[in-house]
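What follows is calculated from the coordinates using simple rules that are stated; it is not laboratory data. All of these numbers come straight from a predicted model, not from anything done at the bench. Backbone-built Cβ (ideal geometry, glycine too); neighbour counts: all protein chains shown.
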Amino acid sequence: MAYGINDSGQVVGSAFTSTSSQHAFLYSNGTMNDLGTLGGSSSYAWSVNDSGQVAGVLSTSSGYFHAFLYSNGTMEDLGTLRRRAELGKEASMPVGRW
């Protein structure tokens, strides 16, 4: 299932693998690329910006869900959302589409 598209026509979403897990994908230039996971069983890509960076969520090996950023062939675990008190000044900043 596709969840996002950018101005270059790159599409992101999630698809079932041959083992019935769901993995995030990036479709670009006629090729669908499985973005994989970081040890968990599933990942889901929600958005792609015009630089081709992909944002989504993945399951960890311990069963928790974390945000990720996929950029230049590398998936980075962004962890869980911090509590509002830990954010300080950032907590009052507006959040929008990146």
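Under 5 Å from the amide H of Trp46 lie the amide H atoms of Ala55, Gly56, Val57, each residue being 5 or more positions distant or on a separate chain, with H modelled from the backbone and absent for Pro and chain starts.
Which number do you get for Rg(Cα) / (2.2 N^0.38 Å) in segment 2-81? Numbers along the way, then the final one.
Numbers: Rg = 11.7 Å, N = 80, 2.2 N^0.38 = 11.6 Å.
Rg over 2.2 N^0.38 Å, computed on Cα atoms: 1.01.
Compared with the direct C-alpha span, the chain from Asn33 to Tyr3 gains 9.3 nm at full extension, assuming 0.36 nm per residue. Between Leu35 and Ala24, Phe25, Leu26, the built amide H atoms are under 5 Å apart, and every one of these is 5 or more places off in sequence or on another chain. Note that segment 20-36 has calculated 3J(HN,Hα) couplings of 6, 8, 9, 10, 5, 9, 10, 9, 8, 6, x, 10, 9, 10, 6, 7, x Hz, one per residue in order, obtained from phi through the Karplus relation 6.51 cos²θ - 1.76 cosθ + 1.60 (θ = phi - 60°); glycine and proline are x.
Here the simple spin-label model places points 7 Å from the Cα toward Cβ, and for Thr19 and Phe65 these points are separated by 2.1 nm.
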